[in-house]
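Asker: Sharing a structure, written as structure tokens. Questions coming.
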Amino acid sequence: MNNAGQGLVSVFECIPIDKAQNLFDANFFGVMRVLKAALPGMKARKKGRIINVSSIIGVNGHPFSEIYSASKFALEGLTESLAPTLRKFNIR
């Protein structure tokens, strides 16, 4: 289960790039790191279950949370894109 998350509420133009990168590092790349570590074992066993906790803001954008929303949209896209491939390994 991936439940890491960092929030950020601010006016978009006021968010420094390094703050946005830190947020993506936690909300997206943190999940990516865990998946890359866990998937080889799951594939070898031909079973597993992955639960990535996102946010409604990762499905419907929200004002003043654009960067947070973008990081969760990215997580949603990663999860949806991996699902068909991983199903072949009995990983849900």
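Asker: Given a 1.4 Å probe and every protein chain left where it sits, what share in percent of the accessible area of the chain is carbon and sulfur?
Answerer: 61 percent
Asker: Quick one: which residues, 5+ away or cross-chain, put their amide H under 5 Å from the amide H of Asn52? H built at 1.01 Å from N.
Answerer: Excluding prolines and chain starts, which carry no amide H, the hits are Asn2.
Asker: Going by accessible area, probe 1.4 Å, with all protein chains left in place, what is the ranking of Ile17, Ile51, largest first?
Answerer: Ranked from most to least accessible, the order is Ile17, Ile51.
Asker: While we're on this one: Rounded to the nearest whole Å², what accessible area per residue is found for the chain with the 1.4 Å probe?
Answerer: Dividing the accessible area of the chain by its residue count gives 65 Å².
Asker: On a 1.4 Å probe surface of the protein chains, which of Ser69, Ser55 comes out largest in accessible area, and what is the full order?
Answerer: Largest to smallest exposure gives the sequence Ser55, Ser69.
Asker: As a test of the definition: which semi-axes, in Å, follow for the range 21-70 when you take the square root of five times each eigenvalue of its alpha carbon gyration tensor? Largest first, please.
Answerer: 28, 13, 5
Asker: What figure in square angstrom, to the nearest 10, would you give for the accessible area of Arg92 with a 1.4 Å probe?
Answerer: Using a 1.4 Å probe on the heavy atoms, I get roughly 120 Å².
Asker: Modelled label-to-label distance, Leu78 and Lys19, 7 Å Cα→beta-carbon offset: nm?
Answerer: Here the answer is 2.3 nm between the modelled labels.
Asker: On average, how much area does the Cα convex hull of the chain cover when viewed from any direction, in nm²?
Answerer: 5.7 nm²
Asker: Something else now. How do Met42, Met1 rank by accessible surface area computed with a 1.4 Å probe, from largest to smallest?
Answerer: Result of the area sort, largest leading: Met1, Met42.
Asker: How far is it, in nm, from the label point at Met1 to the one at Ala37 when both lie 7 Å from their Cα along the line to the Cβ?
Answerer: The answer from the label model is 1.7 nm.
The values are calculated or read from the model by the stated rules, or taken from the named source; none is laboratory data. From a predicted model like this one, the values you see are computed outputs, not experimental measurements. For neighbour counting, all protein chains shown are included, and Cβ atoms are generated from backbone atoms with ideal geometry for every residue, glycine included. Just so you know, the surface numbers come from the protein's heavy atoms only, side chains and all, with ligands and any DNA or RNA stripped out. Shrake-Rupley method; radii C 1.70, N 1.55, O 1.52, S 1.80 Å.
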